[in-house]
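Reviewing the structure listed below.
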């Protein structure tokens, strides 16, 4: 994970309402440890969960809470705050704060500051899963990220998991360490983000190879890890094309997602979007397809089930890794194994010709789960073991390693 110093950088932290507000205290500690100067703005709802005294003690600055404060004789606190900061961070970013920012509403200190700032803004959303998935919230996030000529809004998270309300899904605020990494990405590197100007192609999910109009060969990949990787690369500034097989996942905001079904369709779309700087081939591509798809549904017959003649599908990873003008500068493959993880992953790394390979043991609870334990193998013989954590955290670690690779 990147450890870029924030010495001399100024961060304004807006703390919205919600149980996740307590994480803002840890975020302040991490920011101060990285060398940043932090000022805080606490909304009335946020003050129901954390105290002004706690934020003041950690930041070393008075906490701003109201648009009109007796000690602010000019009543211009929102202008002063918005100009002082190098970056404005909203954590937690509630649905209400996001809606106000997206629609130019300014009726309190937080929303007025967001409207008045000429600096980049980082949102760390936190809300109930149904609220996060609501089309209005998704539209507001997309609108903020898409304003032409605007100074820029980035989003980190939300993560998936169990929530305080007892429901499960996306909506948990990203962990403070992940928010710190996003802040470091926005305040360091070219154009404020370490992968800005880099183009990435990511594949995700399974492929589906038809047998007849109603049946097919596929696998159990949910696409969650690939989608998380695409999102993490975009958070660090990369221009990402996500080539996705059939999955039950919403398109990440701010990415170019392309739907495919078969391995041959996926290969064609990947090749269409090369050359690129980065290729992460995380899709679980079917190794074989039926030689001759039946035009009608195959019926049961007295003679028993039909015999299917299988032929090999194209090897997308090997094709992308092949030397040539269109080969990405960094090619990363995945090895899903049920035994002998290191031996099989290293053999695949050598056979495919890629630069890195992410190996994971799928013999246990991995497919469709929110967590993963992986090992990153590199051509120089390196092996970095990452214990089980959320797929979002795995993705962010991988994105940070990619950023460090290009920085080096």
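In this entry, the stretch 87-131 is assigned a mean projected area of 3.1 nm², taken as a quarter of its C-alpha convex hull surface.
Can you put 203, 113, 218 in order, fewest other beta carbons within 10 Å first?
On the way: 203 31, 113 26, 218 17.
With the sparsest Cβ surroundings first, the list reads 218, 113, 203.
Applying 1/(1 + (r/R0)^6) with R0 = 45 Å to the Cβ-Cβ distance of residue 273 and residue 56 gives a FRET efficiency near 0.35. Rounded to the nearest 10 degrees, the inclination of helix 176-187 to the longest alpha-carbon principal axis of the chain is 80 degrees. For the stretch 10-188, relative contact order (Cα pairs under 8 Å, six or more residues apart, normalised by length) works out to 22 percent. With angles folded into 0 to 90 degrees, how steeply does helix 391-407 sit against the dominant principal axis of the chain? Use alpha carbons for both and round to 10. Taking Cα atoms only, the helix is inclined about 90 degrees. For the stretch 199-407, the convex hull spanned by the alpha carbon atoms encloses 135 Å³ per residue. How many angstrom lie between the C-alpha centres of the stretch 338-408 and the stretch 1-55? Between the Cα centre of the stretch 338-408 and that of the stretch 1-55, the gap is 32 Å.
At 0.36 nm per residue, minus the direct Cα-Cα distance, what do residue 343 and residue 143 gain on full extension? Give it in nm, one decimal, please. All intermediate terms of the calculation are to be shown ahead of the outcome.
Details: separation 200, 0.36 × 200 = 72.00 nm, distance 4.69 nm.
Stretched fully, the residue 343-residue 143 segment lengthens by 67.3 nm.
Remark: spin-label model distance residue 33-residue 386 equals 1.9 nm, labels positioned 7 Å along the Cα→Cβ axis. The label-point distance for residue 308 and residue 214, in a model that sets each label 7 Å from Cα toward Cβ, rounds to 1.6 nm.
Taking each DSSP H run with n ≥ 4 as -39500 (n - 2.57) and averaging over every residue of the chain yields -9500 deg cm²/dmol at 222 nm.
Summarising the strand pairing of the chain, around 30 percent of its internal DSSP beta bridges are antiparallel. Here the residues 39, 266, ranked from fewest to most Cβ neighbours within 10 Å of their Cβ, fall in the order 39, 266.
Pop the C-beta distance of residue 318 and residue 103 into the FRET formula with R0 = 45 Å and round what comes out to the nearest 0.05.
On the way: r = 49 Å, r/R0 = 1.08.
It comes to 0.40.
For the stretch 344-384, take N as its residue count and report Rg(C-alpha) divided by 2.2 N^0.38 Å.
Values: Rg = 11.3 Å, N = 41, 2.2 N^0.38 = 9.0 Å.
Output field value: 1.25.
With 0.36 nm allotted per residue and the present C-alpha distance subtracted, the residue 196-residue 251 stretch has 17.7 nm of extension available.
By average Cβ neighbour count within 10 Å, what is the ranking of 172-183, 96-107, 378-389 from highest down? Provide the component values of the computation, followed by the final result.
Details: 172-183: 24.2, 96-107: 17.6, 378-389: 12.0.
The peptides rank, most packed first, as 172-183, 96-107, 378-389.
Projected label points at residue 136 and residue 287, each 7 Å from Cα along the beta carbon direction, are separated by 5.1 nanometres.
Each principal axis of the Cα cloud of the chain was taken in turn, and the coordinate range along them, longest first, works out to 88, 47, 39 Å. Expressed as an acute angle from 0 to 90° and rounded to the nearest 10, what is the orientation of the C-alpha long axis of helix 224-235 relative to the principal long axis of the chain? It works out to around 40 degrees. Given in Å, the Rg to one decimal and the Dmax to the nearest whole number for the Cα atoms of the stretch 10-188 are 15.0, 47.
As an exercise, take the mean of 1/r over every pair of distinct alpha carbons in the stretch 231-299, invert it, and state the Kirkwood radius in angstroms.
Evaluated on the stretch 231-299, it is 14.1 Å.
Taking only the C-alpha atoms of the stretch 281-349, Rg followed by Dmax gives 17.7, 55 Å.
Of 361, 118, the sequence from fewest to most neighbouring Cβ atoms within 10 angstrom is 118, 361.
Laboratory data are not the source of any read-out in this text; all were calculated from the coordinates shown. These numbers were taken from a predicted model, which means no experiment stands behind them. Here Cβ is always computed from backbone atoms with ideal geometry, including for glycine, and neighbour counts include all displayed protein chains.
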